[in-house]
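Every number in this text was worked out from the coordinates using simple rules, so none of it is lab data. What you are looking at is a predicted structure, and each value in this text was computed from that prediction instead of being measured. Here Cβ is always computed from backbone atoms with ideal geometry, including for glycine, and neighbour counts include all displayed protein chains.
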Amino acid sequence: MALEQVKLEKCTEFISDGMYHKLEALLQKDKKSPEMLIFVLQQAQNIYGYLPEAVLLRISEALDVPKAKIYGVVTFYSQFHLKPRGRNVIRVCQGTACHVRGVSRIVGKIKEELGVDVGETTEDLRFTFESVACIGACGLAPVVMINSDTHGRLTADKVPLILSLYE
Amino acid sequence: MEIVTVKIDGHDVQVDRGATILDAAKLAGVKIPTLCHHPMLRPDGACRICVVEVAGARNLAAACVMPVADKMVVNTNTPMVRQARRVNLELILANHPLACPSCKRNLNCELQQLALDMGVSEIPYEGRKRELEIDDSSPALIREPNKCIYCSRCVRVCSDVQSVDALSFYRRGFDTEVGPPPGVGLMDSVCVQCGQCAVACPVGAIYERSAVDDVWQAISDPKKHVIVQTAPAVQVSIAEALGLEPGLPMTGKMAAALRRLGFDKIFTTEFTADLTIMEEGTELLGRLNNGGPLPLITSCSPGWIKFVEHNFPEFLENLSTCKSPQQMFGALAKTFYAEKHGIDPANIYSVSLMPCTAKKFEAARQEMNASGYRDVDAVLTTRELVRMIKEASLDVSKLDDEEFDVPFGMLSGAATIFGTTGGVAEAALRTIYELVTGEEIPTFEYEAVRGLDGIKEATVKLNNVDVKIAVTSGLKNAREVMNRIKSGEADYHFIEIMGCPGGCIGGGGQPINGGSDYRTKRASGIYQIDAASTIRKSHENTAVKQLYKEYLGEPNSPKAHKLLHTHYTPRNRY
């Protein structure tokens, strides 16, 4: 049927690299189990790095959960991402201590270096730039985390060097 | 069920354990204001307008969701309660556009009414007005998300009553939005355009796409011959919108009003409802005799049709190929009627007056052009007719009753009952019984298929064959029936399915009425009209007989097929 063809076309970009097979294997286990939705979304995000529309449609169909409800869940939780994520995630601290110690200058420098705003991802998928409410390392303010590394007592001029450590 | 005693505002009232404070207050004759609450929907406790004081409790309780307990003492009218309700309302109002005079729901808005009832005189908070995009992708419904108050009534009706699940909440807190999935318009979603969301909405955040201006324009165009067909459920629903008793039949006054508004000919969809019985009855007999496919499922309700296209595409061949009465009328108006009266069909402007928003979508379906033109040019809902009546300053109650015009004004009582759930099945029985047995049907009233129950079943003996019938309305019930068929649990021969709860009387284009018994009253109006009719069987409609003789030949003839039958398209499930 024409509908399936459309779905297939939407999914082909994912078939080639084996991700699609991983997704299908995952969905086999939880077929028609709407209560598994969050777990399946987490696993699918582990496979793809984010949740592409075609994947959400496939999950919707396999678990028998309406698309509107899936989007309700995906947009509710900050752990889910509808857009591709960078290989490295920069989290800049927005806490009081960091604010007082001039984190805004660090933010400005990162923006300048990467050419993206907070909440965005570089086109080459090298970095995703995010802010968090507080990292909880106020003694090191201003603080930026990249992946699981903590960079404290940062100054704007150190930013280019630190970014160059991540590919 | 255990009975508990609750004291509300000093009065003892006995209720079932498990009832809410709101239920108990109703029994005690105490009115608690509500906003997100709706009698048809499970309570949500979202708006906090119904808060009350419960003795011994730390916080105010939301009466709509708080279950009663034995010896509970509730006060609904204390300074703290009044203050809290007002602040909650003011906070909602602070984020609301307050564009009341230009809003579709002006003077029929629950938010506005609450502001009036609670004596809100100023809104002390600045709030944040949003600038979200209006969704006008659908020919039937328009969503204006800036007016949304996040009560979730549309989401609940779409999910819990209709099982369509086109709508949901997205994101959180101030960023919350309600609608179809992000970036998708209603038209491109699984929405079936039934309009139950518009009926459930307490404000003007979702409403019908109005055809009023188009119709006025056609009426004022001297080249246009403007005809109108009126669906049976409309005549029993306009009364309440004009301040009269719900369910009061207004057929004659409606015809008179339409003539005053300037329509050239006033016809009725009941004429083609009778025609539908001839076509669909013949189709059913054919399928019974030739081995199916069975069950044969009715196709009058466009919301149901879109629902089945999305959710049960494997059953499309079970749908009757008959167009809905609206579309049969449209096809005949620009062919038979045009030829007979020597009118160029290009100059006919064909309007239908419907209790339904999905009819707007149906009229816009690409395949609905058997006449060589768009068969139905404009669809007005009952609400839009009321608006036109008000625009024209007509006092309908003072008009003398008038008749429909010939030939498409001829109808039987069997066609009238199409307007309520069970009506199509009953009308079909009245005709099929006589066609098959050659005897007169012993009774007109077929009680087993009447009433507002969600799923009704009946078995009728036709020449020693048991014909199993199911009647259902509301799409969640329809889904249940279809799942029973899919699993092999049920083996019906004929199923009547209407998309809206109660059938067309509860349609998404009907007057918005906060009460709970208006459907019963509208249905009773429908049955009153039928009982008072002289012709009560579709096959005795002389104009229908004449139409076959002069034009169509026989039911299901090639010409009838070309004009009166259609096909369906599978659609995406998700």
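Projecting the Cα atoms of A:G86, A:G72, A:G139 onto the dipole axis of chain A, where Lys and Arg carry +1 and Asp and Glu carry -1 at the beta carbon, places A:G139 farthest toward the positive end. If both residues of a DSSP beta bridge must be in chain A, then about 55% of such bridges are antiparallel. Overall, chain B carries a charge dipole of about 1140 debye about its Cα centre when +1 sits on the Cβ of Lys and Arg and -1 on the Cβ of Asp and Glu, all other atoms neutral. Highest GNM mean-square fluctuation among A:E123, A:E35, A:E53, for chain A modelled with Cα contacts below 10 Å: A:E35.
Taking other C-beta atoms within 10 Å as the exposure proxy, B:T268, B:T459, A:T121 rank B:T459, A:T121, B:T268 from fewest upward.
Dipole check for the range B:6-46: with +1 at the C-beta of Lys and Arg, -1 at the C-beta of Asp and Glu, and the Cα centre as origin, the magnitude is about 40 Debye. Using the Cα gyration tensor of the range B:404-549, with a ≥ b ≥ c the square roots of its eigenvalues, what is the shape: rounded (a/c below 1.5), prolate (a/b larger than b/c) or oblate (neither)? It comes out oblate by the Cα gyration axes. For a modelled paramagnetic label at B:I343, 7 Å from Cα along Cα-to-Cβ, the residues of the range B:195-219 in reach, with backbone nitrogen under 16 Å, are B:215-219. Fully extending the segment from B:Q546 to B:I455 would add 29.1 nm, taking 0.36 nm per residue of separation and subtracting the current Cα-Cα distance. Within the shell of other residues whose beta carbon sits under 11 angstrom from the beta carbon of B:C300, the net charge comes to -1, with Lys and Arg scored +1 and Asp and Glu -1. 3J(HN,Hα) along the range B:394-403, derived from phi through the Karplus expression 6.51 cos²θ - 1.76 cosθ + 1.60 where θ = phi - 60°, amounts to 7, 9, 4, 5, 8, 7, 6, 4, 10, 9 Hz, with x in place of Gly and Pro. Over 25 Å between Cα atoms: which of B:K26/B:K71; A:K32/B:K486; B:K31/B:K71; B:K461/B:K521 fall into that group? Exceeds cut-off: B:K461/B:K521.
Modelled spin-label separation between B:S102 and A:L165, with each label point placed 7 Å from Cα along the Cα-to-Cβ direction: 5.7 nm. If only the Cβ of Lys and Arg carry +1 and only the Cβ of Asp and Glu carry -1, the dipole of the range A:88-163 around its Cα centre is close to 400 debye. Span-like helices, chain B: DSSP H, alpha-carbon axial extent 27 Å or more, mean Kyte-Doolittle -1.0 or greater, which ones? Membrane-span-like by this rule: B:269-289.
For B:Q113 and B:Q528, a Förster radius of 41 Å and the Cβ-Cβ distance give a FRET efficiency of 0.85, rounded to the nearest 0.05. Seen through its C-alpha gyration tensor, with square-root eigenvalues sorted a ≥ b ≥ c, chain B comes out prolate because a/c lies at 1.5 or above while a/b is bigger than b/c.
Can you give me the C-alpha center-to-center distance between the range B:544-574 and the range A:34-112, rounded to a whole angstrom? Rounded to whole Å, the Cα centres lie 52 Å apart. Cross-link partners of B:K223 among lysines, defined as those whose alpha carbon lies under 21 angstrom from its own and excluding same-chain residues fewer than eight positions apart: B:K265, B:K334, B:K340.
Given their separation in residues at 0.36 nm each and the Cα-Cα distance between them, B:K31 and B:D175 gain 48.5 nm when the chain is fully extended. Computed over the Cα atoms of the protein assembly as shown, the ratio of the radius of gyration to the Kirkwood radius (Rg/Rh) comes to 1.03.
Taking the centroid of alpha carbons for each part, the range B:286-361 and the range B:49-102 are 48 Å apart.
Put a dot 7 Å past the Cα of B:E367, heading toward its Cβ, do the same for B:S220, and the two dots end up 3.8 nm apart. Indicate the gyration tensor shape class of the range B:3-92 (rounded, prolate or oblate), computed on the Cα atoms with a ≥ b ≥ c the square roots of the eigenvalues: a/c under 1.5 is rounded; otherwise a/b larger than b/c is prolate and the rest oblate. Oblate shape, in that a/c is at least 1.5 and b/c is the bigger or equal ratio. For the pair the range B:364-380 and the range B:449-519, the centres of their Cα atoms are 28 angstrom apart. Under 16 Å of direct C-alpha separation, and excluding same-chain neighbours fewer than eight residues apart, B:K390 reaches these aspartates and glutamates: B:D213, B:E240.
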